[in-house]
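One structure is given here, and the rest of the page talks about it.
Every number in this text was worked out from the coordinates using simple rules, so none of it is lab data. Treat the numbers as computed from the prediction; the structure is a model and nothing was measured. Cβ atoms come from the backbone with ideal geometry, glycine included; neighbour counts cover every protein chain shown.
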Amino acid sequence: MIVNAYSTLCELTEIDFAHQDSEHRDRTDSSLVPHLGEMMGVACNRGAREMSSTLYAVMRHLERTRHHFRFEVNHNDMDDLAVWGWKSNSIFTFSDRSFRDPAGRILVHDETGEAEGNATIPYPIDAIERMADTRQALAAMHIPTSPDLPPVVGAGEVTMRDDETIGWRTLALFIVAVRAESLAAGKPITAAQLKMKSPMAFEALSPAEREFIETENPDPQLVVNFAWRYEALYLLQWALGLHSELSFANEICDVPHVAETMVSRPDREIVTSARLRPTNQILDALDTNTRLLWAARAAAMGTEKDQAGLDGGVLSERQHALNWLTQFSGAAWDEVDTPT
């Protein structure tokens, strides 16, 4: 039987069971990403299939896939294949083009799109444990969590933004937040003045940020949106170890302190001295923030009660920064999404 396996782990998991005619490609092969896009199209039936939590998880798995294997395996070796599948965090397709978990149970049926009742999306052990710890901690605070919200990416799956890139991003966020704050106060600081103050920040601006800064009278909603970037900046400062703890998201950050953290050092030093916290700390924050953001959104829609005073705006900005840090969907800053 011919098997296609899609592993999300960064490191290659060697095939350690009986098989024939194996092929392998990773992200260095330019043909892999188009193939994954094709398989995502198959999974959702070119957009015609109704989205479910399982289908969405399969789509996200394919999007995160780092290694694609193709090999032939005998039916007698299926148990060994399953062990390897869980270890490599793989989803399989067989000849029927249905998507299956490592045990061979159907996640997305080729014709109906339905899943077997006991089929399980594979996630790394650390991701599952992190989710359990977060849910337990939030339950102790009487904060509701969604049983359908999956674990966030595991340590073996993620590639963080590099230190200097994060340092550059803090410069850009600070300069756009300062511009927005000045406009909101009716005392606009011009793009020319800002560039004279921080030329390096202008090198780091995203297209949307540059357009905002260089527009003399931007839309009032844009001013509000970019003023919120202090919250994303605070998160990145924490990620770089510039704040010892991440405050609970029931109020906005200490904006003067966030600003002082930026102006107290030269821009060049901010970039060259940037050092990201350990990956597990970033992922802990990501998992917690993801579930808090779900709770805040559920409260806003009236489907859950908010007993913790969560600030949805703060959580959204933090999620934007965390998803960017962990390269969610590989998106550039302006395109980062924050689904829950």
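Brief remarks on what is shown
- For the chain, the residue among 13, 186, 24 whose Cα projects farthest onto the positive side of the dipole built from Cβ charges is 186.
- Residue of 144, 199, 34 that the Gaussian network model of the chain assigns the largest fluctuation, springs spanning Cα pairs under 10 Å: 34
- Ellipsoid fit via the Cα gyration tensor, segment 25-129: semi-axes of 19, 18, 15 Å, each the root of five times an eigenvalue, largest first.
- Against the main long axis of the alpha-carbon atoms of the chain, helix 229-239 sits at an angle near 60°.
- Span from the segment 297-340 Cα centroid across to the segment 238-260 one, whole angstrom: 17 Å
- Mean-position separation - Cα centroids, segment 185-204 and segment 8-45, in angstrom: 46 Å
- Calculated FRET efficiency for the pair residue 250/residue 120, C-beta based, R₀ 51 Å, to 0.05: 0.90
- Relative to the longest principal axis of the Cα atoms of the chain, the long axis of helix 312-325 lies at roughly 60 degrees.
- Spin-label model distance (nm) - residue 217 vs residue 329, 7 Å beyond Cα toward Cβ: 3.4 nm
- Projecting the Cα atoms of 249, 78, 173 onto the charge dipole of the chain (Cβ charges, centred on the Cα centre) puts 173 farthest toward the positive pole.
- Taking the longest Cα principal axis of the chain as reference, the axis of helix 78-88 is set at about 10 degrees.
- Ellipticity at 222 nm from helices only: DSSP H runs of n ≥ 4 in the chain, each -39500 (n - 2.57), divided by the residue count, give -15000 deg cm²/dmol.
- Computed lengthening from residue 142 to residue 11, 0.36 nm per intervening residue step minus Cα-Cα distance: 43.3 nm
- Gained length - residue 70 relative to residue 160, 0.36 nm times residue gap less alpha-carbon distance: 29.6 nm
- If you wrap segment 187-270 in the convex hull of its Cα atoms and look at it from every side, the mean projected area works out to 6.3 nm².
- Charged side chains reduced to their Cβ positions (Lys and Arg at +1, Asp and Glu at -1) give the chain a dipole of some 800 debye around its Cα centre.
- When the charge dipole of the chain is built from unit charges on Cβ atoms (+1 for Lys and Arg, -1 for Asp and Glu) and taken about the Cα centre, the candidate among 324, 196, 93 whose Cα reaches farthest toward its positive end is 196.
- Simple label model, 7 Å out from Cα along Cβ direction - residue 196 to residue 272, nm: 2.6 nm
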